[in-house]
Amino acid sequence: MTKSLHDHLEESIKLEVNLAKLYTVFNDLFPEDEEFWFQLAMEERGHAALLQQEKKQPHPIDFFPENLLAKDLQSLIDANKRVLNYITVYSENMPSRKTAFETALSLENSAGEAHFQHFLDSPNNSLSATIFKQLNLEDRDHAERIEEYMLNNGLS
């Protein structure tokens, strides 16, 4: 595995794990939305686990779906910094319920997460892409689901 691919994979894994942590904070802060945040947190952990598995492939460069990760490493690093900052700030100072959802929506539309969704929506161009998408079938469209939840709960 090239250093560039390794670095992208590591930052992508961190982003998924950090989002799961943030959604867990929201889960703890907003009991009325507990099931929603719990589900998103579990799905982000699942995304991280799938990416972790990619690192364990015997020949990851041959198996790795070429369009799975965002091309811009710096955008992933910046997204991780943003998420970690939100975790710190919101753990100390509870945001409004609407702010929590707006934050999540903004993050889901950020570079790493938006790219991940774009990958899931793209045509299958390899066996590895097909397998990865099938494993991740139910854990899609977080931004869309957040928007729908906000609309249905008077938060938009």
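Odds and ends about this structure:
- Filter result (more than 20 Å from S110 (Cα to Cα) and open to solvent by 10 Å² or more (accessible area, probe 1.4 Å)) within segment 6-35: H6, N27, D28, L29, P31, E32, E34, E35
- Restricting F132, F119, F101 to those that are among the aromatic types (F, W, Y), modelled with pLDDT of 60 or more and surrounded by 17 or more Cβ atoms within 10 Å (Cβ to Cβ) reduces the list to F101.
- Residue within segment 138-149 that is at pLDDT 90 or above, of a type in the set (G, A, S) and surrounded by 17 or more Cβ atoms within 10 Å (Cβ to Cβ) present: no
- Cβ-Cβ under 7 Å pairs, at least 6 apart or on other chains, segment 29-49 side closer than 17 Å to M150 by Cβ, far side open to solvent by less than 90 Å² (accessible area, probe 1.4 Å) and in a loop (DSSP other than H, G, I, E, B): W37/F30
- Evaluation of V83 against (1) within 12 Å of the chain's Cα centre (by Cα); (2) at pLDDT 90 or above; (3) open to solvent by 30 Å² or more (accessible area, probe 1.4 Å) (one fails), failing number: (3)
The values are calculated or read from the model by the stated rules, or taken from the named source; none is laboratory data. These figures come from a predicted structure and were not determined experimentally. Heads up, the Cβs are rebuilt from the backbone with ideal geometry, glycines too, and the neighbour counts pull from every protein chain shown. Each accessible area value is taken on the protein alone, full model and side chains, heavy atoms only, with ligands, DNA and RNA left out. Shrake-Rupley method; radii C 1.70, N 1.55, O 1.52, S 1.80 Å.
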